[in-house]
Amino acid sequence: AGFTRATNTINETNFIVDYDMSWLTQGLKVRGMASFDYDAYYNRKFTSTFATYELADKDNYNSLAGYTKFNDDTELGYAGNDQTTTYKLYMEVQLNYARKFGKHDVTAMALYNQNDYRYQAELAKRYQGLVGRATYGYDDRYLAEVNFGYNGSENFREGKRFGFFPSVSIGWNIAEEVFMAPLREVLSSLKLRGSWGQLGNQAIDNYGFYSVMNPEDAKWIYNGKVPTTLTTPGLVRANYTWEKVETINVGIDFSLLGNRLSGAFDWYRRDTKGMLAPGMDFPAVAGAAAPLQNAADLRTKGWELSISWRDQIRDWNYGIGFNLYDSRTKITRFNNDTYSLFTTKNGQEVNQYYKGYEIGTIWGYVTDGFYTDADFNADGTLKDGVVSINGVAIQHPGDIKYMNLRDGENSTNRIDRGDATLDNPGDLKIIGNNAARYNFGINGFVSWKGVDLSFLMQGVAKRDAWIGGEIMFPHAGTFSTFLSHQMDYWTPENPNAYYGRIYQNAQYAHSVNQWTQTKFLSNAAYLRMKNITLGYNLPKSLCQKMSLIGAKVFFSGENLFTISSLLPGIDPEALSWQYPMTATYSFGVSINL
């Protein structure tokens, strides 16, 4: 027997108050806002021990052979309750000021907010902020704006919780200057602008300045059971604080020929300062990883160009737009004095950051064809002068051959990666970068007497990708399945194959043939038709007869096709093998009553 009873209480309350303070000074207003959400869940449970019996003889209903006891074999029932409580409190006070003095236009704003979040008293967060903004404009020609934010977060220890983040921007509308008057028939607008600002990032682990011990299953058995134990507490550094993102931007906006041709160009530099990273290297005997601190910086430089044309010729309206942007990001500070190229993370070897490292870098070997019979002596050993591969005892015809890149005192006739440092990478080199370069988009529309057609395309003009794994390479294991593109592998009868020699169960040089290298580096550039929409607006006279304000019939297609040289199943946007991107076709009617 037993029962369960659950109750859930939800309360949402919002308050907004606006007050005009022009009695104090003209143009001043204040707004106050508060919201409170409360969610309480309470569940009471009770179960008692019970048993079920089996018939010893299916033909004798009076014979009971035995019973099976439920409720985890406990002699007593279970009684208890489960209770969770969540509440969120948000408060905000905002002052706004707007005033015009002749050709002068002045605005200002100050805002204070506070956000509290608590969940069952196990998780509590508080964010506090004070922000402000002031703008000034003169005769629609000179513009200036100043912003600031003073924010606090409990993700940092007391004394490190608050950060000040200012920004400033200026603009000059050159087209409104008197000396530009002769060009106004051609030049509709021309604006120069610049800005500098800082933002803070506190999106890190909650209360990371505390050292914690997490529960886990032990690696031993006690009294026939696996006990629960605690992990060793990690090392922490209590004085880390906000990451700061500082951006400088300059740009120009323009429009010509009665606003038919318009465009903009931006150049920016963004510095992320004080990123959380290990501040030092610890020896293995320390027994714990180095704590995080604000020990790394990176810099991104980029630009963006957009141009569009819109025009009308009698009953025809049309337009087309194009945008192109690019950026590169490099590490400007990181604790890696030896400039090591690799590190281990979650059991996998990954690239290691160092000062000057470009995000997306792909290190690899330069492929130099296959080993052939001409590379071997009669006894199967390599001839003098033919490169060998470190860690491989025997090479065979059809194995991948790599180029010897060492020279000078580091020159060897063996392919390896030296010390795996920037100063001594052995035969490794930077062979590509998986960051998307020259992202672009194209959009356009045309309409004629109620019929309209629009499209949107997007793509990346330059990107490298190392796919690797069994999606790329054939593998002759016990339960292997070859994909169609993997059938072109080396055999004595197919010496000019795409793939090298393969070995059953990864013997000999099987894994070495799949090292990251130039031959199998993929071109991840692509072009995708994101959307095409064809519509027809019913004539107004017909809509009026049906008592409608307007109606439209349309057809739309999403992800109609993708031009890419990547392997089938690899999405060029995500650079991962997944369920194929599906094309979606839809037909609909939009009615305005």
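Restricting attention to segment 548-579, the residues that are without any contact (Cβ under 8 Å) to a residue 12 or more places away in the chain and either in contact with a Lys or Arg (Cβ under 9 Å, 6 or more places away or on another chain) or outside any strand (DSSP E or B) (or both) add up to 3.
Screening Leu453 on (1) touching a Pro at 6+ places or on another chain (Cβ under 9 Å); (2) open to solvent by 50 Å² or more (accessible area, probe 1.4 Å); (3) among the aliphatic types (A, V, I, L, M) shows it passes everything except condition (1). Considering segment 153-203, and only residues there that are open to solvent by less than 40 Å² (accessible area, probe 1.4 Å) and assigned to a loop (DSSP other than H, G, I, E, B), the residue that is modelled with the highest pLDDT turns out to be Glu177. Scan segment 410-427 and give yes if some residue there is farther than 16 Å from Trp515 by Cβ, in contact (Cβ under 8 Å) with a residue 24 or more places away in the chain, touching an Asp or Glu at 6+ places or on another chain (Cβ under 7 Å) and open to solvent by less than 40 Å² (accessible area, probe 1.4 Å), otherwise no. Checked against the condition, which is being farther than 16 Å from Trp515 by Cβ, in contact (Cβ under 8 Å) with a residue 24 or more places away in the chain, touching an Asp or Glu at 6+ places or on another chain (Cβ under 7 Å) and open to solvent by less than 40 Å² (accessible area, probe 1.4 Å), segment 410-427 yields no hits at all. Scanning segment 302-350 for residues that are over 15 Å from Asn439 (Cβ atoms), within 24 Å of the chain's Cα centre (by Cα) and not β-branched (Val, Ile, Thr) yields Lys330, Arg333, Phe334, Leu341, Phe342, Lys345, Asn346, Gly347, Gln348, Glu349. Under the condition of being among the small types (Gly, Ala, Ser) and within 29 Å of the chain's Cα centre (by Cα), which residue from segment 495-548 is least open to solvent (accessible area, probe 1.4 Å)? Looking at the filtered set, the residue picked out is Ala524.
For segment 565-593, filtering for residues that are open to solvent by less than 70 Å² (accessible area, probe 1.4 Å) and among the hydroxyl-bearing types (Ser, Thr, Tyr) leaves 4. State whether the residues of segment 534-555 include one that is closer than 25 Å to Asn323 by Cα and of a type in the set (A, V, I, L, M, F, W, C). Within segment 534-555, one or more residues are closer than 25 Å to Asn323 by Cα and of a type in the set (A, V, I, L, M, F, W, C). In segment 383-409, of all residues being touching a helix residue (DSSP H, G or I) at 6+ places or on another chain (Cβ under 7 Å) and over 19 Å from Gln507 (Cα atoms), the one that is most open to solvent (accessible area, probe 1.4 Å) corresponds to Lys383. Taking the listed residues Thr272, Thr229, Thr247, Thr241, the one that is without any contact (Cβ under 8 Å) to a residue 24 or more places away in the chain, under 30 Å from Leu292 (Cα atoms) and surrounded by 12 or more Cβ atoms within 10 Å (Cβ to Cβ) is Thr229, with no other qualifying.
Among the residues of segment 351-362, is any at negative phi and open to solvent by 60 Å² or more (accessible area, probe 1.4 Å)? Break it down stepwise before answering.
Initially, segment 351-362 is screened for residues at negative phi, giving 351-355, 357-359, 361-362.
Now restrict to residues that are open to solvent by 60 Å² or more (accessible area, probe 1.4 Å): 353, 355.
Yes; the residues of segment 351-362 include at least one that is at negative phi and open to solvent by 60 Å² or more (accessible area, probe 1.4 Å).
Where strands (runs of 3 or more DSSP E) fall wholly inside segment 427-528, the ranges with 2 or more residues that are touching a Phe, Trp or Tyr at 6+ places or on another chain (Cβ under 6 Å) and within 30 Å of Ser556 (Cβ to Cβ) are 437-448, 451-462.
The values are calculated or read from the model by the stated rules, or taken from the named source; none is laboratory data. Not measured: the values here are computed from a predicted model. Because the Cβ atoms are built from the backbone with ideal geometry, glycine has one as well, and the counts that use them run over all protein chains shown. These area figures cover heavy atoms from the full protein model, side chains too; ligands, DNA and RNA do not enter into them. Shrake-Rupley method; radii C 1.70, N 1.55, O 1.52, S 1.80 Å.
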